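First the structure, in the form of structure tokens, and then the observations on it.
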């Protein structure tokens, strides 16, 4: 049995069978392009498994060395990959600049960081492992644009519609492009070095040739916008990098905007950090201790087991410990079922995160319903008594950080969520307006016949009173 066959056998033993089989078939029979920067959400839809099953399968495949995981920083404007990382640890927390859009962005895990998977060359060698051998069309489709860009099958035709001309420029090579400048806004753009030169072509046409010289180096250089008249133009270029370059002259217009406007769902950094399989496999290997990565919106759920002290006194330490551990197992299972992840336990309390608030509320409702079955009857002590959970939920911005050698979260949103839980009565779910007023959450509560009751509360460390909603 080959090494690849052994790894795939291990994957079949850890991943959902249908997802593992689909990955194995893709490695065996799929095109090179299908194995480069796989969009996991698209894969799940195509092969008929859930998103979480697909995510877990690729995470196990990456841990086994079948696939390489990439954390790509995307430009929210054009969808281009500004930076590609083999680990989240090397994603910068400061600004990324897109030369094509001439705009800087502070990266956020829920909007700008995608996670993709490319087959490891030891398992199967594909063209993208040697980027300089890809055709310009394949380079743009497979490597320049992120997996969220819904690009046409006829990539060559699309590029022809947005470019006046383009050329391949080998390391050390010089070349010229000569053409007639139309009265349009143009961008000389090179995707490998991410270099751009803006040219505003306007005014009266001229017969005098305009010249422009661009030297591509390993340094990213910004160029001031040039104004030129329509007419003859020569672009002289020199490649001083060690990579093949693909400079082209882009026309800013409807065809370019239409190409960039089509997007599709993708696996975000936020979604992956809020996945239990990822936390289990990469518990201490997610971030560096000095990283602070922004998340625009994340839902936090805190629980606390009411009456646990009395439980220890009533049934003894050993039995109480078993009951509390059973309660943790139940909560962990429910959180994972609702596409969330347990961040940590604090005494008898749990802190969990969810990508969206409706999943958090659905998990809370299940917890409240099923917690009474934990330790309800004990052969030695008779009726132990129903366990009661106090649950608080809040949603908002936060920072992903490393605390005490584990991936954690920091910010006022986390503080508020914890304090909301502290205000919850026994067997109560208390949530903020940021949770309850979301359309998906409101729809869920209406479907189960619950009308949240509003109440005003002052929270320590929060300047103004908040409206909290009891879900009962």
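Given the criteria assigned by TED's automatic domain parsing to the domain that holds residue 77, touching a residue at least 12 places away in the same chain (Cβ under 8 Å) and over 15 Å from residue 247 (Cβ atoms), does residue 201 qualify?
Details: assigned by TED's automatic domain parsing to the domain that holds residue 77: no; touching a residue at least 12 places away in the same chain (Cβ under 8 Å): yes; over 15 Å from residue 247 (Cβ atoms): yes.
No, not satisfied.
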Practice task
Kindly indicate the residue of the stretch 387-411 that is surrounded by 14 or more Cβ atoms within 10 Å (Cβ to Cβ) and assigned to a loop (DSSP other than H, G, I, E, B) and also modelled with the highest pLDDT among those meeting that condition.
Solution key: 411
Exercise for the section: Take the stretch 128-153 and flag every residue that is assigned to a loop (DSSP other than H, G, I, E, B) and touching a strand residue (DSSP E or B) at 6+ places or on another chain (Cβ under 8 Å). Expected result: 146, 147, 148, 150, 151
Completion exercise
Counting only helices (runs of 4 or more DSSP H) wholly inside the stretch 10-115, the ones holding at least 3 residues that are surrounded by fewer than 16 Cβ atoms within 10 Å (Cβ to Cβ) are 17-29
Exercise for the section: Determine, yes or no, whether residue 41 is touching a strand residue (DSSP E or B) at 6+ places or on another chain (Cβ under 9 Å), at pLDDT 95 or above and closer than 24 Å to residue 263 by Cα. Expected result: no
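Identify, from the list 440, 418, 431, the residue that is in a strand (DSSP E or B) and either at negative phi or out of contact with any strand residue (DSSP E or B) (no Cβ under 6 Å at 6 or more places or on another chain) (or both).
On the way: 440 fails: in a strand (DSSP E or B); 418 fails: in a strand (DSSP E or B).
Exactly one residue qualifies, and that residue is 431.
Being assigned to a strand (DSSP E or B) and surrounded by 14 or more Cβ atoms within 10 Å (Cβ to Cβ) is the filter here, so list the residues in the stretch 172-192 that pass it. Explain how you work it out, then say what you get.
Just the residues of the stretch 172-192 that are assigned to a strand (DSSP E or B), to begin with: 174-181, 185-190.
Once the filter is applied, which keeps residues that are assigned to a strand (DSSP E or B) and surrounded by 14 or more Cβ atoms within 10 Å (Cβ to Cβ), the stretch 172-192 yields 175, 177, 181, 185, 186, 187, 188, 189, 190.
Taking the stated definitions as given, is residue 294 touching a residue at least 40 places away in the same chain (Cβ under 8 Å), touching a helix residue (DSSP H, G or I) at 6+ places or on another chain (Cβ under 8 Å) and surrounded by fewer than 22 Cβ atoms within 10 Å (Cβ to Cβ)? Explain how you work it out, then say what you get.
Numbers: touching a residue at least 40 places away in the same chain (Cβ under 8 Å): yes; touching a helix residue (DSSP H, G or I) at 6+ places or on another chain (Cβ under 8 Å): no; surrounded by fewer than 22 Cβ atoms within 10 Å (Cβ to Cβ): yes.
The answer is no for residue 294.
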Practice task
Kindly check whether there is at least one residue in the stretch 327-339 that is surrounded by fewer than 19 Cβ atoms within 10 Å (Cβ to Cβ) and modelled with pLDDT under 90.
Solution key: no
Exercise for the section: Could you tell me whether any residue of the stretch 140-158 is modelled with pLDDT of 95 or more, surrounded by 15 or more Cβ atoms within 10 Å (Cβ to Cβ) and farther than 30 Å from residue 8 by Cα? Expected result: yes
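The values are calculated or read from the model by the stated rules, or taken from the named source; none is laboratory data. Quantities reported herein were computed from a predicted structural model and do not represent experimental measurements. Cβ atoms come from the backbone with ideal geometry, glycine included; neighbour counts cover every protein chain shown.
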